[in-house]
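This report concerns only the one structure given below.
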Amino acid sequence: ALLDQLVAAGYDTVYAIHLSSEISGTYQTARMLLSEYEDKLDAYAVDSGSSCMVMEILVKETLGWIDQGLSAEEVGRRLEWSARHSDVYLMVGDLNNLVKGGRLSASSAILGNILQIRPLLHFEEGKIAVTEKIRTTKKVYRRMVELVAEWQTRYPQDVHVGIGQAGAPEDLKVLDEMMKEAYPGMPLSYTNIGPVIGTHTGDGTKGLGIVPKLPADF
């Protein structure tokens, strides 16, 4: 098993960062497995509350905190705070995927396609939910870009941003260019949306993850 290999290799601390426990069972499974190694490993299982775009940022932040020489307990505390205050915004490529997932009625999908209405999704208490309904894809992109500014107002210490896609690399370029134009110099993370989220939202999904930087008095 992987944990046995880590112990044998001399590792003493594990950070396990997972998809929202409301849409995947990996977090609960990890906690169960790690509990069996309490006498061998200092383990921290973290429920991201969202998906891969936030998880990638959390992994990078964790590596940075470890490099700073922070204690395992402090790294775990920072991880929990960052995960709890983050979110992901998603736009599907085809409304019919939301019908299949039970998040939209067939009649709403037909009307939405006719009127070019694109639901903007996000994570609400760990579950994917509609937060806004916007006309046209381009306006959804604009709204995603605006949301970053709103988060910067809420968290004046600034935020980390990651963008991702599932089978829509060309669409991702559009969002990428809009972000770079609106926030020149802001580092962006890039990732592919995994199969668990893809199962809920389908091919052609685009998204943006936001994780606040730690406040100065943290």
Which helices (runs of 4 or more DSSP H) sit wholly inside segment 1-92 and have at least 1 residues that are in contact with a helix residue (DSSP H, G or I) (Cβ under 8 Å, 6 or more places away or on another chain), closer than 17 Å to V211 by Cβ and among the acidic types (D, E)? 52-67
So which helices (runs of 4 or more DSSP H) are wholly in segment 124-218 and hold at least 3 residues that are of a type outside the set (S, T, N, Q), surrounded by 13 or more Cβ atoms within 10 Å (Cβ to Cβ) and in contact with a Phe, Trp or Tyr (Cβ under 8 Å, 6 or more places away or on another chain)? 137-154, 169-182
S108 passes all but one of (1) over 17 Å from the mean Cα position of the chain (by Cα); (2) at pLDDT 90 or above; which number fails? (2)
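The values are calculated or read from the model by the stated rules, or taken from the named source; none is laboratory data. Quantities reported herein were computed from a predicted structural model and do not represent experimental measurements. We place every Cβ from the backbone using ideal geometry, glycine too, and count neighbours over all the protein chains shown.
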